[in-house]
1. Pairs under 8 Å by beta carbon, first residue without any contact (Cβ under 8 Å) to a residue 12 or more places away in the chain in the stretch 143-169, partner open to solvent by 80 Å² or more (accessible area, probe 1.4 Å) and part of a loop (DSSP other than H, G, I, E, B), six or more apart or different chains?
2. Anything in the stretch 450-489 that is open to solvent by less than 10 Å² (accessible area, probe 1.4 Å) and among the charged types (D, E, K, R)? List them, or say none.
3. Would you check if R347 is among the charged types (D, E, K, R), crowded, with 22+ Cβ neighbours inside 10 Å and farther than 27 Å from T580 by Cα?
4. Just checking, which of V176, V185 is in contact (Cβ under 8 Å) with a residue 12 or more places away in the chain, under 16 Å from T232 (Cα atoms) and either of a type outside the set (S, T, Y) or open to solvent by 40 Å² or more (accessible area, probe 1.4 Å) (or both)?
5. Among (1) open to solvent by less than 40 Å² (accessible area, probe 1.4 Å); (2) at pLDDT 95 or above; (3) more than 20 Å from D314 (Cβ to Cβ), which single condition is D610 missing?
6. Just the residues that are modelled with pLDDT under 85 and not polar (S, T, N, Q), please, taken from the stretch 160-169.
7. Quick check on the stretch 565-608: of everything there that is in a loop (DSSP other than H, G, I, E, B) and without any contact (Cβ under 8 Å) to a residue 24 or more places away in the chain, which residue is farthest from Y520 (Cα to Cα)?
8. Out of the stretch 174-197, which residues are assigned to a helix (DSSP H, G or I) and of a type in the set (A, V, I, L, M, F, W, C)?
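The values are calculated or read from the model by the stated rules, or taken from the named source; none is laboratory data. In this text, all values refer to a predicted model and were calculated from it rather than measured experimentally. Cβ placement follows ideal geometry from the backbone for every residue including glycine, while neighbour counts extend to all protein chains displayed. The protein model used for the area step is the full one, side chains on, heavy atoms only, and it has no ligands, DNA or RNA in it. Shrake-Rupley method; radii C 1.70, N 1.55, O 1.52, S 1.80 Å.
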Amino acid sequence: MTTKEKIKALAVRLRGRIFSRDVAKFLGGGALAAAVLTIVVLFAGSWGYATGLFTSYFTNPLTLLLNFLPIYGCVLLFGLIFQSLRLSVFISGLFWLGIAVANMAMINWRHAALKPDDFALIIPTLKILPHYMHDMDFSLLFYALAGIAGLALFARFMPKTKFHPISRLLAGLLVVAIAAGTGNVVYASTPLYKDQYLKNQQQWCDSTGITYRLHSDRYQANGVVYSMSYNTKFSLYDDEAGYNAANGKALAEKYGSQPIPANQKVHVITILLESYMDFSSAAKPSTLQFPGESPYDPLHALQARCISGNMISDVYGGGTINIETGVLTGLYKRGNYINHPGPSNVRYFLENGYHTIAMHPNDGYFYSRFDRNPNLGFENFLYTQNHFKNNLSEYMPDAQFMPDIKAQLDRYKAQGPTFLYAANMQGHGPYNCVSIKDREWFPFQEGMRRQAYVMLNNYFSDVSATGKALTNLIDSIENDDEPIVLLAFGDHSPRMEEGGYQILGLNAPDGTVQAKLNNYATPYLIYGNNAAKAMFNNSFTGQGPTADPEQLMSNILFKELGWHGNAYQAFMQDMGNRVTCQKNDFWVVDGVESVIYPTEVKSILDNLVDMDIFFKRQKYEPAKQIDERADVAKYESDSPAGADPDSSENAATRSQTGQAKGR
């Protein structure tokens, strides 16, 4: 047989195998199964999120296809690996349904969509899961078992196929190659992802009020399978790309570390204000007018007594832990601090003989704070299970929480210098969109969306209450004999439907400086009591720079106190002389805000990467706990946090809709 005849015979055999009945059954059966799984997964992944979301997927064929292809790829690949389409459909179904259910659990409990990085937290999640068993609806277990049984039954209808091992290997490699190619070109495309969620949003935003500004809304609009596939690219990104270890070490040696001067050990309070955003500031040219009292009157009065400025948040409508960790560590490239101790501003205070205390009137296991806080350098952590257990409201009012901050400060500062961090709960969403609980801050006008109007009025009531409570706290420490400084900041925008932005008149084009300020600028305040003013010869008033969360303490506060700090904090102060904010799409250099990368400070930003990673790689130990945190049952609150649960403030708080699990 000639070479030509051999090639022809091989081509005939290959054609016979490629177009064989087994191949047709494998591809056709796999496609049918993947189509059914896609519908079921999209349904499970959108369950209870917003009316009309599931049906909206069928109005955009491209979105439907982008959700179908990853499932189909899994069915084909597993089918080739196990040589069983039945087993492949069962495994693929379990995998994607598991992701859909986990995504909805994440959104319900944390107001954050599931990302590939979250799989790294499986072990910490399993550790804290027993603490949530009493809240778990065990009917879900029945549904889960029924779903698995249904999936197994469905998989049994898949046809049997058989292929030569070499054919399976080659076909498997082809599937992987196609997946890699489409993943790199199609699924990693940010313009495509954005185009799809903007199109999908138009199908259901009018009836639900969902906004493209929130990550979980964009995620849900594009479907759980497509969104998970898209977000995989961020997990593959090398966070330490470009790191120069020698330069990081040299910079650390150059700046050096200095202790806090013994005669300047002022007590420091840092307060995170949940969803506290100033929609009346000059940075946000809102058209909304308050005909009488403004919910921001307390804030404006405080700004006259403090250093004040805007912080540019990294998150919108949720993700408090990102801002909390940014402020407390000062690091841009930081770990999650759940499994490993790391560098932080808290640790610097601890190393300088301070008591380091954290307070949060919510579940202490949420966001794994119970494990995270010692790794940040906190000696003690007061939370619902060990301190605020007498509070029965969903979100503790700041009228109760702020006095408890003062009580704990007095308790610890009697023993020595104290750093106290507190994160409040008032202002946390979701907000009541049905009835106004307090008062109407502005009149309803034609064209306003009613739900957005009610939500904004309830949100403004929380803003006003927080401002008044913070004012009372500051008044209570103003004439304290011991020097006290206070840093307070809003963590992010409230989770608000698009109708709210229309009422506020904040509709700047996406990608502009104004859009960034509208969505991410929150206020911060730095206050010094009379004793602190005398100690540092500083009035603690005036305009502060627009800054990142990471710069609030490491740069701005330390600079006002005249502290050198450790090498990283000293570097941050030096960097802050020119760069106070640097995001992927927004920078503040020499006081000028821009969405264009500032090449003139590239060397500074490169040095920041080296310093960040150098300090993150050092070895640290968890802070030794000054209380037995494991024995949480022994703690009862004897502070204002244990106020009468039937008080009008608590009753008003309980009237809000939603759960306090989004923190």
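1. Within 8 Å, no pair qualifies.
2. Of everything in the stretch 450-489, just one residue is open to solvent by less than 10 Å² (accessible area, probe 1.4 Å) and among the charged types (D, E, K, R), namely D462.
3. Considered against the rule, which asks whether it is among the charged types (D, E, K, R), crowded, with 22+ Cβ neighbours inside 10 Å and farther than 27 Å from T580 by Cα, R347 comes out as no.
4. Result of the check over V176, V185: V176.
5. Of everything listed in (1) open to solvent by less than 40 Å² (accessible area, probe 1.4 Å); (2) at pLDDT 95 or above; (3) more than 20 Å from D314 (Cβ to Cβ), D610 misses just condition (2).
6. Correct list: K160, K162, F163, H164, P165, I166, R168.
7. This residue is N577.
8. L174, V175, V176, A177, I178, A179, A180, V185, V186, L192 - these are the residues of the stretch 174-197 that are assigned to a helix (DSSP H, G or I) and of a type in the set (A, V, I, L, M, F, W, C).
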